[in-house]
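The values are calculated or read from the model by the stated rules, or taken from the named source; none is laboratory data. Keep in mind that this is a model prediction, so the values were computed, not measured. Please note: Cβ atoms are built from the backbone with ideal geometry, for glycine as well, and neighbour counts cover all protein chains shown. We work out accessible area using only protein heavy atoms, side chains counted, and drop any ligands, DNA or RNA first. Shrake-Rupley method; radii C 1.70, N 1.55, O 1.52, S 1.80 Å.
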Amino acid sequence: MHQRTDDGSAEFAPPQGVYVDDAPSEPSSITSDVPARRTFIAQTVAGGLGLLALELLPSSVALAQPSAPVDALRASMPVITEYHAGVTFTVNGATRTLDVDTRVTLLDALREQLKLTGTKKGCDHGQCGACTVLVNGTRINSCLTLAVMHEGDAITTIEGLGTPEKLHPMQEAFVKHDGYQCGYCTPGQVCSAVAVLDEIRAGIPSHVTTDLMSRPQLTTIEMRERMSGNICRCGAYSNIADAMAEVAGVRA
Amino acid sequence: MKPFTYERAKSATDAAAAVARTPGARFIAGGTNLLDLMKLQIETPTHLVDVQDLGLDRIEPIDGGSGGLRIGAFVSNTTLAADERIRRDYGVLARALLAGASGQLRNKATTAGNLLQRTRCPYFYDTNQPCNKRAPGTGCSALTGYSRQLAVIGSSAACIATHPGDMAVAMRVLDATVETVKADGATRAVPIADFHRLPGTTPHVDTTLQAGELITAVTLPKPLGGTHIYHKVRDRASYAFALVSVAAVVQRDGSGRVAIGGIAHKPWRVEAAEQLLPRGAKAVARRLLAGAKPTRDNAFKVPLVERTLASVMADARGDA
């Protein structure tokens, strides 16, 4: 896990459009005192590629050494205002106001502008579930919704469910039951798992619910069906099911 | 994505007017299909009109005590499937909804958006390939290509795409009606049977909606009673499109209605075939699929329809 600031956001962030630290095949650093790869890579990119790199860097990127030329270059770039919009929503309880290109998905707003890189971009087409977040308590694919469509919404990401110091019970259960291997799908799996238990408790039926008129039960077959929108390429499914069963208080 | 401007409409008529007056404009509701297609530049709207503030998110009894329900266009698939009235009186619809997509997508996908979802034909999705539905006049790659998922009936020399959804198949068996409004405030009610089109020579036109016409609701007639079944056959147990699906409402005397998904450009229902239900699945399937033109890849769907129908009819009789 990365070092985190008090508000739970990642302390170090890559330049916009560069997903160096989150490749599925490269698990990120697991201890907080490992040298910050994000900073190293950001500085390498900025130093090594000169002007080209500057174009990649929005002024809001929190580099270790703020760069005046970057800000100046950014300020000189024209912004076509009709393709931009302001939006205000809460993320993990904090009110955030953003100026976004209308094309920016909720996923990219969270990752690239708010530096909440816990939410992952997998397929970017709603097929894998890595980008799952909770909006007004409901799980959705953050890659298939525009940031500008979320005025006034309350968004919860993995950073808002728990912290390394105080894990959410579902996170704790994933750790205990080894519910991951590379970890890339895990934030989406955890957000989805939390919402699945809420959906069953709220009486929302599923494809495997036998009787539509009785309350769905907290069974493994129900949980597995409801988790089908979260793909795990490492195949940690049975351990994820065990973790969910433990949190649900049932036998897997 | 190509750049676009964005607005949130305040009323259904305003939304219709905004789309009608702006070239390249589209409505956006849940966005789960449109944004996917925009990322691939299969859809390239220049303006989006967001319909989330129009108050189209309620499920209400139809005025006049007819016993039916009016489902707001913006009602999510999850909300609709979980509604007690739908679960009790329109079980085939709840079952169809729950057989579709994933939990995350059902939470966002809307009733109207589900009806309007585009085909998942692989050539429609591949912008490097000819496709009459995506780029009219370029040809159909699927005719001589990979067509396992595609249509076996009602197709044309221009297109063998399928309507990919589950919900519409149940809506068809229930004889739902699609309510719309246009920019001038004029409303109309389109029977679901007339809503989706066959491809013919204009496969780029999926439905009979007119430009700028907004779906405001889908209404269901009074409950049919009977046993409601939705049986979806697919390549994996969850989160996959149908190869074949059967929506059925079967009465105690063996009469009933069936509509088939996954085999045509629209939910496939032949009322004359339903008369043959007491004679068994073979007779029904033969009539339903009269004139079918499967490809080598999807010829398996013809016997699969009959077998899925037989399974559904056994379930309806209560056979183990």
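A few comments on the model shown:
- Under Karplus coefficients 6.51, -1.76 and 1.60, residue-wise ³J(HN,Hα) of region A:167-178 in Hz, glycine/proline x: 6, 5, x, 5, 5, 4, 5, 4, 5, 4, 9, 6
- Candidate residues B:H231, B:H196: accessible-area rank, largest first, probe 1.4 Å: B:H231, B:H196
- Pairs of lysine residues in chain B - Cα separation under 18 Å, sequence separation of 8 or more or cross-chain: 12
- Percent of alpha-carbon pairs separated by more than 24 Å within region B:103-243: 40
- Ellipticity at 222 nm from helices only: DSSP H runs of n ≥ 4 in the protein assembly as shown, each -39500 (n - 2.57), divided by the residue count, give -7500 deg cm²/dmol.
- Listed residues B:T119, B:G91, B:A73: farthest to the positive end of the dipole of chain B (Cβ charges): B:T119
- Calculated FRET value between A:E165 and B:K10, using beta carbons and R₀ = 35 Å, to 0.05: 0.15
- Just so you know, the Cα atoms of the protein assembly as shown work out to an Rg and Dmax of 24.8, 81 Å.
- Directionally averaged projected area (convex hull, Cα atoms, region B:8-99), nm²: 7.4
- Note on chain B: with charges restricted to the Cβ of Lys and Arg (+1) and Asp and Glu (-1), its dipole about the Cα centre is near 840 debye.
- Using a probe radius of 1.4 angstrom, the carbon and sulfur fraction of the accessible surface of region B:184-320 is 52%.
- Using the 1.4 Å probe convention, the accessible area of region B:53-211 works out to 36 Å² per residue with neighbouring protein chains retained.
- Using a Förster distance of 56 Å, the FRET efficiency for B:S311-B:L40 (Cβ separation, nearest 0.05): 0.95
- Note on region B:183-320: Cα-Cα pairs beyond 20 Å make up 54% of the total pair count.
- Using the 1.4 Å probe convention, the accessible area of region A:96-252 works out to 38 Å² per residue with neighbouring protein chains retained.
- Residues losing 10 Å² or more accessible surface upon assembly, region A:78-119, compared with the chain by itself, 1.4 Å: A:E82, A:Y83, A:T102, A:R103, A:T105
- Here's how it looks for B:G256: its modeled amide H is under 5 Å from those of B:Q251, which are all 5 or more places away or on a different chain.
- Nearest-20 debye value, the protein assembly as shown charge dipole, Cβ charges on Lys, Arg, Asp, Glu: 2140
- Based on the convex hull around the alpha carbon atoms, region B:107-146 presents an average projected area of 3.7 nm².
- Share of pairwise Cα separations in chain B, more than 35 Å, in percent: 18
- Buried area at the A-B interface (accessible, heavy atoms, 1.4 Å probe, summed, Å²): 3300
- Ranked by solvent-accessible area (1.4 Å probe, protein heavy atoms only, all chains present), the residues B:K222, B:K266 order from largest to smallest as B:K222, B:K266.
- As a calculated quantity, the FRET efficiency between B:I62 and B:R252 at R0 = 25 Å, using C-beta atoms, amounts to about 0.40.
- The alpha carbons of region A:63-198 give a radius of gyration and a Dmax of 16.4, 52 Å, in that order.
- Here B:T79 sits with roughly 70 square angstrom of accessible surface, probe radius 1.4 Å.
- Residues of type aspartates and glutamates that A:K120 reaches as a straight line, Cα spacing below 15 Å, ignoring anything fewer than 8 places off in the same chain: A:D21, A:D22, A:E26, A:D108, A:E112, A:E159
- Charge dipole of region B:125-246 (Cα centre as origin; +1 on each Lys and Arg Cβ, -1 on each Asp and Glu Cβ, all else neutral): 260 debye, rounded to the nearest 20.
- Estimated inter-spin distance, A:T210 and B:H204, nm [label 7 Å along Cα→Cβ]: 5.2
- Most mobile of B:R21, B:R87, B:R307 in a GNM of chain B (Cα contacts under 10 Å): B:R21
- Convex hull of region A:123-244 built on C-alpha atoms - directionally averaged projected area, nm²: 8.0
- In sequence order, calculated HN-Hα J values of region A:123-131 (Karplus, 6.51, -1.76, 1.60; Hz; x Gly/Pro): 8, 6, 9, x, 9, 10, x, 5, 8
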